[in-house]
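K.L.:
Encoded as structure tokens, here's the structure I'll be asking about.
The values are calculated or read from the model by the stated rules, or taken from the named source; none is laboratory data. Note that the structure is a prediction, hence the values are computed from the model and not measured. Quick reminder, even Gly has a Cβ in these numbers, built from the backbone with ideal geometry, and neighbours come from all protein chains shown. When the accessible area is computed, the model is the full protein with side chains, heavy atoms only, and any ligands, DNA or RNA have been set aside. Shrake-Rupley method; radii C 1.70, N 1.55, O 1.52, S 1.80 Å.
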Amino acid sequence: MDIKEGVSLVLSGGGARGFFHLGVLQALDELKIPVKEISGASIGAIVGAFYLAGNSPIEIFDFFKSGRYKKSFKLNLFGGSLFKVDVENKIFDEMLGDVKNLEDLPKPLYVSVTNIQQGSVSYLNKGDIKKLVLASGALYPLIGKVVVEGEYLIDGGVMDNFPISPLKGTKYPLIGSNLHPNIYQPKQSVFVRAFFLASLARGLEDKIKLCDYYLAPKELVGRSIFSLKNADKLFKLGYDEAKKALS
């Protein structure tokens, strides 16, 4: 498979570390390697939607770094979560434009969501794009559930943070960009490590084997998933890692 003909891309969840994904996309653009399809969880799904809707990595970077996206969240102290998603807010329309549904995108996007009623993960490529990508990033209990056609949906990363399944059998080289490297930290609490192993690292080794290129540098470890202060460093890290791997 010739990488210049295009690639399939898996973008994991990881909050503010998502600037790394944008650096990867910037490198792909500069190398003139087209992205043919994306599967994403949480911030990976949001970045994938914005990119396939026609925005450049730099435009998406500026949108997130400005903090304008915060307008889509409202306090929800008595509703079971700290914040709730205001799906009617127009702020995300800046990035999505006229795209209303996932199937309206020019290239396939699979969005990982966790259905809390069924206790299952789904990989959706049809339906209301804004509701579904916001649901994929609804990290409960920080952000409350998003109701889509009667289903209660939260962060896809809860059950599959590296959603490679929809891209199995792809005819294009597969690139995985994972914001949560499986690297043990001696100072990390046993509770946090146990959560990581049970959720984020579950089945990860088998998934890595399916990737032609796997980007998850150790420098991501310790970077906050909530703070924007490392945005520039994370973007450069993703750019450099992708250029090194693909050049």
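K.L.:
Could you give every pair whose Cβ atoms fall below 7 Å, whose first residue belongs to the stretch 230-247 and is touching a residue at least 12 places away in the same chain (Cβ under 8 Å), and whose second residue is open to solvent by 50 Å² or more (accessible area, probe 1.4 Å) and part of a helix (DSSP H, G or I), counting only separations of at least 6 or pairs across chains?
P.N.:
A231/K65; L237/E219
K.L.:
Of everything in the stretch 81-109, what is open to solvent by less than 50 Å² (accessible area, probe 1.4 Å) and either assigned to a helix (DSSP H, G or I) or closer than 13 Å to I143 by Cα (or both)? Give them in sequence order.
P.N.:
S81, V85, D86, V87, D93, M95, L96, L102
K.L.:
Something else about it: Quick one: would you say G6 is among the small types (G, A, S) and open to solvent by less than 20 Å² (accessible area, probe 1.4 Å)?
P.N.:
It is true that G6 is among the small types (G, A, S) and open to solvent by less than 20 Å² (accessible area, probe 1.4 Å).
K.L.:
Further, regarding this structure: If you go through the stretch 1-34, how many residues are closer than 15 Å to A245 by Cβ, among the aliphatic types (A, V, I, L, M), assigned to a helix (DSSP H, G or I) and at pLDDT 95 or above?
P.N.:
4
K.L.:
Considering the stretch 55-80 alone, what residues qualify as being aliphatic (A, V, I, L, M) and either assigned to a helix (DSSP H, G or I) or open to solvent by less than 30 Å² (accessible area, probe 1.4 Å) (or both)?
P.N.:
If the condition is that a residue be aliphatic (A, V, I, L, M) and either assigned to a helix (DSSP H, G or I) or open to solvent by less than 30 Å² (accessible area, probe 1.4 Å) (or both), then I58, I60 are the ones that fit.
K.L.:
Look through K171, K145, K130 and report the one residue that is crowded, with 17+ Cβ neighbours inside 10 Å and farther than 17 Å from G40 by Cβ.
P.N.:
Exactly one of K171, K145, K130 is crowded, with 17+ Cβ neighbours inside 10 Å and farther than 17 Å from G40 by Cβ, namely K145.
K.L.:
Could you list, in sequence order, the residues of the stretch 50-89 that are of a type in the set (S, T, Y), within 20 Å of D128 (Cβ to Cβ) and at pLDDT below 90?
P.N.:
If we filter the stretch 50-89 for residues that are of a type in the set (S, T, Y), which is where we start, we get 51, 56, 66, 69, 72, 81.
Right, trim to within 20 Å of D128 (Cβ to Cβ) and you get 51, 69, 72.
Hits for the stretch 50-89 are Y69, S72.
K.L.:
Run down F50, F20 and say which single residue is open to solvent by less than 10 Å² (accessible area, probe 1.4 Å), within 24 Å of E219 (Cα to Cα) and among the aromatic types (F, W, Y).
P.N.:
Values: F50 fails: within 24 Å of E219 (Cα to Cα).
Criteria check complete, one pass: F20.
K.L.:
Condition check: closer than 30 Å to K218 by Cα, open to solvent by 70 Å² or more (accessible area, probe 1.4 Å) and not in a helix (DSSP H, G or I). Does P163 satisfy that?
P.N.:
No: the conditions fail for P163.
K.L.:
Is there any pair with a first residue in the stretch 1-26 that is over 18 Å from I225 (Cβ atoms) and a second that is in a helix (DSSP H, G or I) and open to solvent by 10 Å² or more (accessible area, probe 1.4 Å) whose Cβ atoms are under 6 Å apart and which are 6 or more apart or on different chains, and what are they?
P.N.:
L25/Y51; Q26/Y239
K.L.:
A further question on this structure: Among the numbered criteria (1) more than 21 Å from K130 (Cβ to Cβ); (2) touching a residue at least 40 places away in the same chain (Cβ under 8 Å); (3) open to solvent by 10 Å² or more (accessible area, probe 1.4 Å), which single criterion is violated by K32?
P.N.:
(2)
K.L.:
What tally of residues in the stretch 110-127 results from selecting those that are within 16 Å of the chain's Cα centre (by Cα) and open to solvent by 10 Å² or more (accessible area, probe 1.4 Å)? Reasoning before the result, please.
P.N.:
Filtering the stretch 110-127 down to residues within 16 Å of the chain's Cα centre (by Cα) leaves 110-114, 121-125.
Now drop any that are not open to solvent by 10 Å² or more (accessible area, probe 1.4 Å), which leaves 110, 121-125.
Within the stretch 110-127, residues that are within 16 Å of the chain's Cα centre (by Cα) and open to solvent by 10 Å² or more (accessible area, probe 1.4 Å) number 6.
K.L.:
Oh, and also: Going through the stretch 35-54 one residue at a time, which ones are touching a residue at least 40 places away in the same chain (Cβ under 8 Å), within 10 Å of the chain's Cα centre (by Cα) and in a helix (DSSP H, G or I)?
P.N.:
Listed by number, the residues that qualify are I43, G44, A45, I46, G48, A49.
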